[in-house]
Amino acid sequence: MYFGADYYPEHWPRERWETDAKLMQEAGFNLIRVAEFSWAKLEPSEGHWDFGWLDDALDVFYKYGIQVVMGTPTATPPKWLMDKHPEIYKRDFQGLVLGFGSRRHYCYNSEIYREYSEKIVEKMAQHYANHPAVAAWQIDNEFTAGDGLYCYCESCRQKFIVWLKKKYGSLDALNKAWGTVFWSQTYTDWDQIIVPRKSAVHRTLGAIECNAHNPGLNLDYARFQSDAIVDYCAIQSRIIRRWSKAPITHNVVNEKYDYYKMGDELDILTYDNYPYLSMRGAPDKNTQIYNPALQIDQLRGVKQKNVWVMEEESGPCGWNALSDTPRPDQIREWTYQTMAHGAESIVYFRWRACLFGTEQYWYGILDHDGIPRRRYEEVKQIGGEMPKVAAYNEGSTVDSEILMVRSFEQQWSHEFQPHSWEFDYRKYFFSLYCGFSKKHYNLDISSEKIDFSRYKLIVAPAFNLMDEALKAKFEKYVAEGGNLVVTFRSGTKEMDNSMTERTLPGYFKDLAGVEVEEFDARYHNPAKVKGVCGDGEVSLWLDILKPETAKVLATYEGDFYDGRAAITVNQFGKGRCYYVGCDLDEAATGELLDYIAKECGVAKAIDNLPVEVEAVRKKTADGKTFYFLLNAVEEKQEIELPFAAKDLLTGEKVGPKLTLNPYAAMVVEPE
Ligand code: GLA
Ligand code: ZN
């Protein structure tokens with residue numbers, strides 16, 4: 001396994017490199033990531049290359065047994081390039097230029113930028129292909145992160161037209177799919193096609209730009225932009241592959257592009273894990289604990305393969321203001337949590353806090369003065385433990401019987417039109433994920449395209465865009481004995497983002513054995529529900545169900561739908577389809593999912609654990625069962641395992657009774 005930090009040799013005097021390399025070696029490091037923002041150092045002016053400084057840095061670190069992930073520096077095109085070709089700049093949805101001064105200021109669709117990117121990537125690939133220090137390549141850095149919306153420039157519009165021609169063949173087909181007869185939007189010439197920039201009628205919904213554009217246009221534009229990002233990545237990976245055999249990665253963190261398509265262009269997916277900063281700037285305890293778990297599960301599901309963490313939080317961090325300081329042992333707990341969920345290599349961000357630049361306040365393992373303190377000692381301890389963990393963890397799998405189906409297209413479609421003002425696909429998905437996780441069920445997250453047959457239970461949250469082929473796939477899975485959970489806002493749309501004419505829940509109606517007679521968006525007036533979920537509260541959305549062949553599991557209380565069905569289950573062939581017609585508060589969500597999992601014969605990782613303790617049951621590459629046990633909070637936890645075990649880090653016997661200290665992380669194998 002690789003263990004290390006993100007390092008910027010260009011930020012420090014050469015005399016310091018050796019000191020850093022020694023400290024790293026003592027902490028068990030064998031990897032640094034370098035160069036991902038260093039274009040202006042590598043090509044200070046057009047066609048003038050300077051690899052000398054980086055060669056020297058590689059030599060120093062390699063002497064200490066430290067290899068590199070070589071980053072291509074295309075996230076920061078230099079000033080000389082932008083001045084020469086200002087048309088590369090990205091434009092926001094108002095058409096305004098997003099100018100120089102931070103990073104990611106380029107348009108993926110700019111042919112000029114693609115050419116310059118190809119040149120520098122080829123130079124680097126050529127130069128470093130056979131360097132023994134190069135363990136892997138990272139393409140660019142965090143595509144789309146921080147820049148929120150897509151680009152809306154003329155290059156994008158031109159390429160969008162080409163993309164649409166390929167998809168629809170004719171304008172007639174496009175006009176029909178988008179329903180442009182509405183509001184006289186019919187296009188009669190390809191060159192009339194627009195990109196969904198700010199139009200005369202426009203609203204914002206929290207962080208979401210709720211433009212008034214045609215839903216078909218919006219979704220196709222999201223698909224097109226996603227394809228453009230994947231293409232841009234593919235251009236780089238093809239060049240690197242021509243020269244180098246080292247695996248290629250990208251640090252995937254933003255959901256504006258389709259991870260599954262991106263996964264096809266990469267060998268390893270990596271995640272940047274900042275638990276204190278997760279989820280739209282409003283972290284609560286749940287988010288801090290379970291968002292990293294979800295993210296790694298999700299990334300592991302993309303290629304159904306273990307991943308790496310390319311940036312692991314290792315200090316108080318922020319650009320303008322700081323997050324909390326990681327408590328003693330918390331960096332260790334975060335590290336083990338990511339490994340539990342499928343990370344095989346760990347790289348901390350960053351080695352040392354920088355004295356200058358936008359990220360002055362982003363502390364890493366070392367502070368500005370470069371003196372090793374508590375956080376260094378903690379990372380060093382982890383470094384010492386890693387060989388023992390790696391022996392079990394490399395090639396291991398999470399032992400999961402549940403699949404949550406995660407779709408980026410579904411997410412984008414919900415983002416333009418959330419149905420209910422408070423509805424957020426990601427948050428809803430997360431609430432179900434937490435519901436299972438807090439009851440200690442392990443799960444996989446992956447695409448609707450994978451083979452369903454090995455799962456006892458599949459959950460498809462707010463799975464809205466549907467077609468005949470998907471209908472047949474879900475039905476086959478259930479008919480053959482699978483259990484499917486479908487929720488409100490599923491099956492109401494066609495793939496082109498138009499509404500289905502079918503009676504709701506549309507494509508899921510036969511499976512669910514219910515009709516959605518009416519619905520009610522409850523965002524200003526919570527409703528009550530009672531049944532297998534206990535007493536629950538609905539605050540976003542409720543479907544009023546008319547069971548046909550389904551059995552009622554919960555009903556509403558009060559209002560004109562008093563006593564009407566809210567949650568149902570339907571026998572379909574050898575399996576069952578649960579229809580969850582409403583959102584639920586946290587406790588009721590947990591109770592419902594626990595009920596369903598039990599009915600479907602799904603086993604918990606470990607039973608009877610406190611909610612603060614995470615347990616992940618895994619199988620080694622050769623089939624041995626082992627567990628990660630994680631205490632995610634500052635309070636001690638007394639637990640009882642259903643077995644006596646061997647602590648894989650100390651070799652000692654432990655359990656069944658066990659005390660987990662604050663932020664304890666253990667790896668155990670049942671005896
Ligand atoms: C991201 C980036 C890094 C760095 C950190 C901290 O995750 O990938 O380059 O900027 O954030 O801001
Ligand atoms: Zn553009």
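The values are calculated or read from the model by the stated rules, or taken from the named source; none is laboratory data. These numbers come from a predicted model, not from an experiment. All Cβ positions, even for glycine, are placed from backbone atoms using ideal geometry, and neighbour counts span all protein chains on display.
In segment 151-164, the residues that are over 12 Å from Asp191 (Cβ atoms) form Cβ pairs under 6 Å with partners that are within 9 Å of ligand 2 (Cβ to nearest atom) and of a type in the set (S, T, N, Q), at six or more places apart or across chains, as follows: Ser155/Asn109; Ser155/Ser110; Cys156/Asn109; Lys159/Asn109. Restricting Asn483, Asn442, Asn525 to residues that are among the polar types (S, T, N, Q) and in contact with a Ser or Thr (Cβ under 6 Å, 6 or more places away or on another chain) narrows the list to Asn442.
Number of residues in segment 319-345 that are assigned to a helix (DSSP H, G or I) and closer than 15 Å to Glu394 by Cα equals 7. Among the helices (runs of 4 or more DSSP H) confined to segment 213-305, the ones with at least 3 residues that are of a type in the set (A, V, I, L, M), within 16 Å of ligand 2 (Cβ to nearest atom) and modelled with pLDDT of 95 or more are located at 215-243. Just one of the listed residues (Gly384, Gly435) is small (Gly, Ala, Ser), in a helix (DSSP H, G or I) and over 30 Å from Ala27 (Cα atoms), namely Gly435. Of all residues being touching a strand residue (DSSP E or B) at 6+ places or on another chain (Cβ under 9 Å) and small (Gly, Ala, Ser) in segment 325-371, which is nearest to Ala632 (Cα to Cα)? Just the residue, please. Looking at residues that are touching a strand residue (DSSP E or B) at 6+ places or on another chain (Cβ under 9 Å) and small (Gly, Ala, Ser), I get Ala340.
Considering the conditions (1) more than 16 Å from ligand 1 (Cβ to nearest atom); (2) within 15 Å of Ala222 (Cα to Cα), Leu171 is excluded by exactly one of them, (2). Buried (at least 19 other Cβ atoms within 10 Å of the Cβ) and under 18 Å from Thr492 (Cβ atoms), is that true of Phe572? Considered against the rule, which asks whether it is buried (at least 19 other Cβ atoms within 10 Å of the Cβ) and under 18 Å from Thr492 (Cβ atoms), Phe572 comes out as no. Only one of the numbered conditions (1) over 25 Å from the mean Cα position of the chain (by Cα); (2) surrounded by 24 or more Cβ atoms within 10 Å (Cβ to Cβ) is violated by Glu501, and that is (2).
Kindly state which helices (runs of 4 or more DSSP H) lie completely within segment 1-110 and contain at least 1 residues that are crowded, with 17+ Cβ neighbours inside 10 Å and within 16 Å of ligand 2 (Cβ to nearest atom).
79-84
In summary, Thr144 fulfils each of the numbered conditions (1) within 16 Å of ligand 2 (Cβ to nearest atom); (2) under 25 Å from Ser407 (Cα atoms); (3) part of a helix (DSSP H, G or I) with the single exception of condition (3). Checking Val379, Val405 one by one, the residue that is closer than 19 Å to Asp297 by Cβ, among the aliphatic types (A, V, I, L, M) and at pLDDT 95 or above is Val405 and no other.
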